[in-house]
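To start, the structure under review is shown below, and the notes come after it.
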Amino acid sequence: MGETTRAQGAVPPRGGAAEAAGRALAGAAPDGGAAVRPGTPADAVGGVRPAYVAAPADPAAAAAVLAVAAEHALTVVPRGNGTKIDWGGPPRDCDLVLETTSLTGIEHAVGDLVVRAGAGVPVADLQAALGSAGQRLAVDTVVPGSTVGGMVATGLSGPRRILHGPVRDLVIGMTVLRADGVAARSGGAVVKNVAGYDLGKLHTGAYGTLGVIVSVTFRLHPVPPALRLLRAAAPGPEALREWAAAVLHSPTAPSAVELDWPPEGDPELAVLLEGAAAGLDARGAAVAAVLPEPPHHADALPPGWGELPGAPGDTLLRVVAPPPEAVRAAAVLRDAGRARGILAAVRGSLGTGVLHAAVPADAPPEAVAAVVAAARAALAGAPGGAVTVPHAAPPVRAAGLDLWGEVPGAALMRAIKDRFDPGHRLSPGRLMEGI
Amino acid sequence: MPVPVGPEALVPRLRAICGDAGVLTDPAQRRTYESDGLTYHAELPGVVVLPTSTAQVAAVVRLCAEEGVPFVPRGAGTGLSAGALPRSDGVLVVTSRMRRILEVDVEARCAVVQPGVANLDVTRAAAPHGYYYAPDPSSQQVCSVGGNIAENSGGAHCLKYGFTVNHVLGLEIVTPAGDVVRLGGKVAEAPGYDLIGAFIGSEGTLGIATEITVRLLRAPERVRTLLAAFPTMDAGGRAVSAVIAAGVLPAAIEMMDALAIEAAEAAVACHYPKGAGAVLIVELDGPAADVDAQFAAVTALCREAGATELRTATDAAERARIWKGRKSAFAAVGRISPSYIVQDGVVPRTALPEVLRRIADLSAESGIRVANVFHAGDGNLHPLVLFDDAEPGAAERAAEVSGAILDLCVEHGGSITGEHGVGVDKACHMPDMFSPADLATMDLFRRAIDPAGIANPEKLLPTPRLCGEPPGVRTDVHPLVASGEAELF
Amino acid sequence: MPGTTPPPQPPRPPAEGRGADPAAPATFEDLLSDCVHCGFCLPTCPTYVLWGEEMDSPRGRIHLMGQSRQDGVLTGTAVRHFDNCLGCLACVSACPSGVRYDALIETARADVEREHERPLGERLLRAAVFALFPYRGRLRLLRGPLRGYQASGLSRLLRRSGLLDRLPPSLAAMERLAPPLRPAPRLPERVRARGRRRATVGMLTGCVQGAFFPQVNTATARVLASDGCEVVIPRRQGCCGALSAHAGRAEEAARFARSTVAAFERAGVDVVVVNSAGCGSTMKHYADVLANAAGGDGWARRAERLGAKVRDVTEFLADLGPAAERHPLPIRAAYHDACHLSHGQGVREQPRDLLRAVPELELVDVANPDICCGSAGIYNLLRPEPAAELGRRKSADVRATGAPLLVAGNPGCALQIAAAMGADGEAPAVAHTVQVLDASIRGLPPAHLLGGRRGG
Ligand SMILES: Cc1cc2nc3c(=O)[nH]c(=O)nc-3n(C[C@H](O)[C@H](O)[C@H](O)COP(=O)(O)OP(=O)(O)OC[C@H]3O[C@@H](n4cnc5c(N)ncnc54)[C@H](O)[C@@H]3O)c2cc1C
Ligand code: SF4
Ligand code: SF4
């Protein structure tokens, strides 16, 4: 286990105490409701190897495991398929990895366009089930292999969010296990509902720091009958910015307006139109009309559509900027990289102003820090602008890069953390300083 | 903890903050603020302040925090859950003088407004640029954006476009401690917990929104509105299901029953088809070709479901006329009944026919008329329970029917409120929908932001004083209710 | 009488379902309880627009009325907020519940007049206003470069009241903006129809209209005659009582109403055409005016009968349809909705239709059409500051249209706005709708309406 500091209140299980905790975990859920095994190096979370890994079979078993963890003051990191387990900050400590992959189950209320899915359901399985009824969860596959819980906990949204919003907008209800193992539900099973606080919003993108998501209820949309993807390479960022603005201002109602800027070469604009087949020609023509050259057309999405740029393991920067500033911020970021010999790939939604940039995993940490700093400086005056580092390659992480930067409302977030998890035992340190 | 003082003790300092004209102490003036749109909850506010800036709001709230005096935010006072019910021991902070539209940023497709700006004024400001603000509560010409934030208000067009929470990019809030915090900006998805999302719908219990950045949408290329008359509610309901099953996502599907039609007719002479048992308003918007294709499908589905008359709006004026009846329906019920209760509950769309039948039964059994106006697309019912308070016992029976309708909603897996919020009115119904643990967890959140409990206390979550018992432990009828000494609404 | 005029469309049908007998006249309490506190009336209320306070909104004022009834006390606070009301009736148009705010405020004001002792200064000012305005003869003395009032027996009261200090700005504005006062030809008692006679109508000449805007009356008579109406103008008509009624001076209003009813009964006409929005609005509700006064009885029926015959001139002309040819009038004109026409009588489209029918006239709308300009009868004399502020706002909206001519169905409004515009830039010319029609029918050039301004 790496160097760890403990949050106030939690007492580390050592020696006899650790064994006692292990025994208690194994007995937490009756009838083998929760398989418990010792952690291996492969279970490491951001370089921190857990003492135990528990895989509860159902929410009740998961609750029992968490209750035992609370009793023994264990630090806990929830994990789905582990596709993003090394995202965020490294946990200050991790006694137990709680695996959600057995928390499955899909309840699809077809006529209500609503589905409830267990946290461990792979998003791809969910989409397949929904697709058979002509419906979909309007998110793209940003990280293949993600589970529902992982997707929600990291708040990852893809290109199509301009029409139906990011993931958080599709969540209408959620059941979460608190740090003390108590199950708490918020929201509901109907799309329209304003009863009580919408705590699901807090858990979306919280990296498991406030609780363990066990199931999520989503609103769904019908799968549109047809789609068309138009792509055009722009001679430079400024032209691309103008094109995107023109497309967004047109009444063509695109489902996605994406930037795809490979490490070398010109940025490309991709516009996704979805809807009645009969209307696609006219809409496509309207999009083409605002572009200087005829775009490339396709009637299907290319493989890898919506996925993050770069290769697995790359350091990933997330740039959130008012849409008109997004391309400029991307350009600044790339220029800052190039000046230091780093070629960054950028992809993301120009409609919403959320982009990801991939910096090769082997880039020198100081150079990465300089790139991040340049991007942050570029967005300093932009209302809501932020540059975070959802994933830092190990050397970058080790160099102590500030992954989050200045986060507005951080004091309120800490206050929430303190109430929900007074012992700071849930994924401590994965999200910002003090959380 | 400071020893709480009476709000009157704050008056000189409040005057120093808001100026003499910004502090109301005259009882007659204060009394005009005694309730919001739900008048059967009323209380005389201790003091009323009318700040004009964020700095004033922050200073007022800080003063309240220092002195342990509760405060209640209020926008236009159109709320229907007594969320803005004042407190005699507190300060009512009214945003009606903070109504400037600070910026319309066409390129970033957003507008920055003060909280007192009326919802519709945002669209009015954006319209010349070809944009609009999507959430459109029926009260849109008057309700404030701040109030919309607090209630997470929705409207007819939320079926396709979502609620207030889906259209807010940035917030400036004054926390219950009096601190000014800016969240988000001209782009959503700020890092960390989604505080904006959690603040929206918090009914003024987490602080006061003092500046709001809302997303603007491009006006659709085509909008087509259809008015379909059906002989019965059942037939109308069948049409709704058929439309949804066909994979069409209209911008809005609204339904009104015969009684609601009668009221709207009396109020605004909307000339809906005579003798209809139900009318459906279906609006489609988007790219022209899509809308036309879907429109043909919807028209055919309505015919199949038994529509007796179909009318299509061909221009903005006709469209407005069709909507006028729907949008005025609530307030118009005053024309056909001396008093009424507007209920707001949600059921899964598929449960609509069943629940509507049960409501009709309830009405028949109790002799209390119920008019139905609702967002059929998302199962959001707005039964209007009509009664004459001059008739002895009628109010009580109406309240019973209204409560029974909520029970029906919960029983069918729905919600006790789809858009009007919990406020004081439904706080005691929260345990019907949420477990004690759910409620306790919500309270954790509230106390994280407002440890002193001074922000709109006793709203949203049940309290012993309000509901006669600790939150959530109600398993059957409360003894006081059983003995007839108290009533639950 | 040709069958051109449908029965009047009262903009406010009474609320039904009230208690046992829906036919029974609604009590003040009934009318109060019609308000469901929804707030839909707030955004169109000019004082709410100005101050953003509940008690200066219709909903708040209704609440204050309820408080007074409930407690049996009329507080000075309530009176102040009633006084702040412009009586523009925008709230009546906005209210989906059909609350008759017009009836409520008139009753509340009558209560105020009966029960509330005003401070001396206010009393004097009001006395002066009501000693002056309803009387055409006295008003006329004020015209011309303000010389006449010296000689008037009224001068002592006027001077003590301070009314004169308030008058000069508006009067000066009138002098500047109103077309020069030619010795207006006195209208004959009967004006013959041109061509085939299509209708015989009575015409109200009004007090303020008659004194300050005789040319509007002349134009009205000419247009009516051109379109085939025989116009009867009873000599013995005076003020219609609107100003008094709006101010809660119920007895005085009833007196004026009774003599107006009598004058038009004698004229034996089927329709009474009115060219001043405020007068028309009140005359259509003469039954209420007389019901509010003591000893109504027989008058109530007579008042009701006459009220049913009243039409705004544009309402009447639009129904009648044109007979005389409209000649081109290349002008860009902004149309302003006078409150008592749009809110008081629901007349919005007719004047616009009439103006649009004038060849080459480009009609533009003014933003925020529901908000009062602040003129509001005598409001600008009693509450000059808010009136001026509202005038400024309206003037900004009018200026934004860029139109050189402002048309309204009430000359007072047009003057108020033009005066406000003149205060910070060039003011447009102002005209009553019938003056535009008159110019078109007579084939006069735009300059006739515009003075030295360009046609835009
Ligand atoms: C006729 C009628 C029709 C309606 N139709 C709809 C509808 O279709 N959809 C719908 O959703 N609602 C509807 N409503 C309800 C109401 O209009 C909405 O809830 C609206 O959002 C309330 O806004 P308001 O400004 O009037 O808020 P208020 O009533 O003044 O306050 C509502 C709540 O918001 C809080 N609040 C106000 N301002 C702030 C602020 N700046 N910061 C924090 N908290 C604040 C208050 O404390 C209170 O809890 C309707 C109401 C009426 C009377
Ligand atoms: S009459 Fe005009 S000023 Fe008076 S309350 Fe109504 S809208 Fe406001
Ligand atoms: S609109 Fe009508 S019912 Fe609503 S508050 Fe105003 S007067 Fe009352």
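The values are calculated or read from the model by the stated rules, or taken from the named source; none is laboratory data. Remember, it's a predicted structure, so these values are computed and weren't measured experimentally. Heads up, the Cβs are rebuilt from the backbone with ideal geometry, glycines too, and the neighbour counts pull from every protein chain shown.
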Would you pick out the residues in the range B:182-202 that are in contact (Cβ under 8 Å) with a residue 12 or more places away in the chain and either within 16 Å of ligand 3 (Cβ to nearest atom) or aliphatic (A, V, I, L, M) (or both)? B:LEU183, B:VAL187, B:ALA188, B:LEU195, B:ILE196, B:ALA198, B:ILE200
Out of the residues in the range B:116-128 meeting the condition of being in contact with a helix residue (DSSP H, G or I) (Cβ under 9 Å, 6 or more places away or on another chain) and more than 9 Å from every other protein chain (Cβ to nearest Cβ), tell me which one is farthest from ligand 3 (Cβ to nearest atom). B:VAL122
Determine, yes or no, whether C:PHE82 is more than 16 Å from ligand 2 (Cβ to nearest atom) and closer than 20 Å to C:ASP288 by Cβ. no
Is there a residue being in a helix (DSSP H, G or I) and of a type outside the set (A, V, I, L, M) anywhere in the range B:447-462? yes
Counting only residues that are more than 12 Å from ligand 1 (Cβ to nearest atom), give me the strands (runs of 3 or more DSSP E) lying completely in the range B:1-111 with at least 3 of them. B:47-49, B:101-105
So the check is Cβ under 8 Å with 6+ separation or different chains; which pairs have a first residue in the range C:327-347 that's within 14 Å of another protein chain (Cβ to nearest Cβ) and a second one that's away from ligand 1 (no atom under 16 Å from the Cβ) and part of a loop (DSSP other than H, G, I, E, B)? C:GLY346/C:GLN9; C:GLY346/C:PRO11
Do we find a residue being part of a loop (DSSP other than H, G, I, E, B) and more than 7 Å from chain B (Cβ to nearest Cβ) anywhere in the range A:184-197? no
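Residues are listed down the side, and each one gets a yes or a no for (1) within 15 Å of ligand 1 (Cβ to nearest atom); (2) within 23 Å of the chain's Cα centre (by Cα); (3) more than 22 Å from C:ALA254 (Cα to Cα):
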{"residue": "C:LEU42", "(1), (2), (3)": "yes, yes, yes"}
{"residue": "C:GLY52", "(1), (2), (3)": "yes, no, yes"}
{"residue": "C:GLY72", "(1), (2), (3)": "no, no, yes"}
{"residue": "C:GLY76", "(1), (2), (3)": "no, no, yes"}
{"residue": "C:TYR101", "(1), (2), (3)": "no, yes, no"}
{"residue": "C:ARG109", "(1), (2), (3)": "no, yes, no"}
{"residue": "C:ARG123", "(1), (2), (3)": "no, no, no"}
Unique match (being touching a residue at least 12 places away in the same chain (Cβ under 8 Å), facing chain B (nearest Cβ under 9 Å) and either surrounded by fewer than 22 Cβ atoms within 10 Å (Cβ to Cβ) or under 26 Å from A:PRO312 (Cα atoms) (or both)) among A:ARG136, A:ARG116, A:ARG161, A:ARG92: A:ARG161
Can you tell me which residue is nearest to the chain's Cα centre (by Cα) among those in the range A:326-353 that are among the aliphatic types (A, V, I, L, M) and surrounded by fewer than 24 Cβ atoms within 10 Å (Cβ to Cβ)? A:ALA345
Hits in the range B:92-130 - residues which are in contact with a Leu (Cβ under 7 Å, 6 or more places away or on another chain) and either β-branched (Val, Ile, Thr) or farther than 12 Å from B:LEU216 by Cα (or both): B:VAL94, B:SER96, B:ARG97, B:VAL112, B:VAL113, B:GLN114
Residue list for the range C:93-125, restricted to those being within 29 Å of B:TRP323 (Cα to Cα) and either hydroxyl-bearing (Ser, Thr, Tyr) or surrounded by fewer than 19 Cβ atoms within 10 Å (Cβ to Cβ) (or both): C:SER93, C:SER97, C:TYR101
Which listed residue, of B:GLY162, B:GLY192, B:GLY154, B:GLY170, is of a type in the set (Gly, Ala, Ser), touching a Gly at 6+ places or on another chain (Cβ under 6 Å) and facing another protein chain (nearest Cβ under 10 Å): B:GLY170
Of all helices (runs of 4 or more DSSP H) completely enclosed by the range C:298-401, which ones contain at least 2 residues that are farther than 28 Å from C:CYS240 by Cα? C:384-401
Let me spell it out: the conditions are (1) aliphatic (A, V, I, L, M); (2) more than 14 Å from chain C (Cβ to nearest Cβ); (3) more than 30 Å from A:TRP243 (Cβ to Cβ), and B:ALA108 meets all of them except one. Which number is the exception? (3)
Selection from the range B:304-336 of residues crowded, with 22+ Cβ neighbours inside 10 Å and within 11 Å of chain C (Cβ to nearest Cβ) yields B:GLY325, B:LYS327, B:SER328, B:ALA329, B:PHE330, B:ALA331, B:ALA332, B:VAL333, B:GLY334, B:ARG335, B:ILE336
Of the residues B:GLY184, B:GLY178, B:GLY197, B:GLY207, only one is closer than 19 Å to B:GLY421 by Cβ, away from ligand 1 (no atom under 13 Å from the Cβ) and either more than 7 Å from chain A (Cβ to nearest Cβ) or modelled with pLDDT of 95 or more (or both); which? B:GLY197
Criterion (modelled with pLDDT of 50 or more, of a type outside the set (Lys, Arg), farther than 30 Å from B:ILE196 by Cβ and not assigned by TED's automatic domain parsing to the domain that holds B:LEU352) met by exactly one of B:GLY418, B:GLY453, B:GLY468: B:GLY468
Tally time: how many residues in the range B:139-161 are of a type in the set (Ser, Thr, Tyr), under 23 Å from B:PRO348 (Cβ atoms) and within 8 Å of ligand 1 (Cβ to nearest atom)? 1
With C:PRO359, C:PRO386, C:PRO351 as the choices, which residue is within 14 Å of chain B (Cβ to nearest Cβ) and more than 16 Å from ligand 1 (Cβ to nearest atom)? C:PRO386
Among the residues of the range B:122-142, which ones are of a type outside the set (A, V, I, L, M), more than 16 Å from ligand 2 (Cβ to nearest atom) and within 18 Å of the chain's Cα centre (by Cα)? B:TYR133, B:PRO135, B:ASP136, B:PRO137, B:SER138, B:SER139, B:GLN140
In the set B:LEU38, B:LEU85, which member is closer than 28 Å to C:SER68 by Cα, touching a residue at least 24 places away in the same chain (Cβ under 8 Å), within 11 Å of chain C (Cβ to nearest Cβ) and of a type in the set (A, V, I, L, M, F, W, C)? B:LEU38
Failed item, numbered, when C:ALA78 is tested on (1) crowded, with 24+ Cβ neighbours inside 10 Å; (2) within 9 Å of chain B (Cβ to nearest Cβ); (3) assigned to a loop (DSSP other than H, G, I, E, B): (3)
When you check A:ALA189 against the structure, is it out of contact with any Phe, Trp or Tyr (no Cβ under 8 Å at 6 or more places or on another chain) and away from ligand 2 (no atom under 16 Å from the Cβ), yes or no? yes
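Residues are listed down the side, and each one gets a yes or a no for (1) crowded, with 23+ Cβ neighbours inside 10 Å; (2) away from every other protein chain (no Cβ under 11 Å); (3) in contact with a strand residue (DSSP E or B) (Cβ under 6 Å, 6 or more places away or on another chain):
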position	(1), (2), (3)
B:ALA376	yes, yes, yes
B:GLY379	yes, no, yes
B:LEU386	yes, no, yes
B:ALA394	no, yes, yes
B:LEU408	no, yes, no
Name, by its number, the condition in (1) away from ligand 3 (no atom under 15 Å from the Cβ); (2) modelled with pLDDT of 95 or more; (3) more than 8 Å from chain B (Cβ to nearest Cβ) that does not hold for C:GLY52. (3)
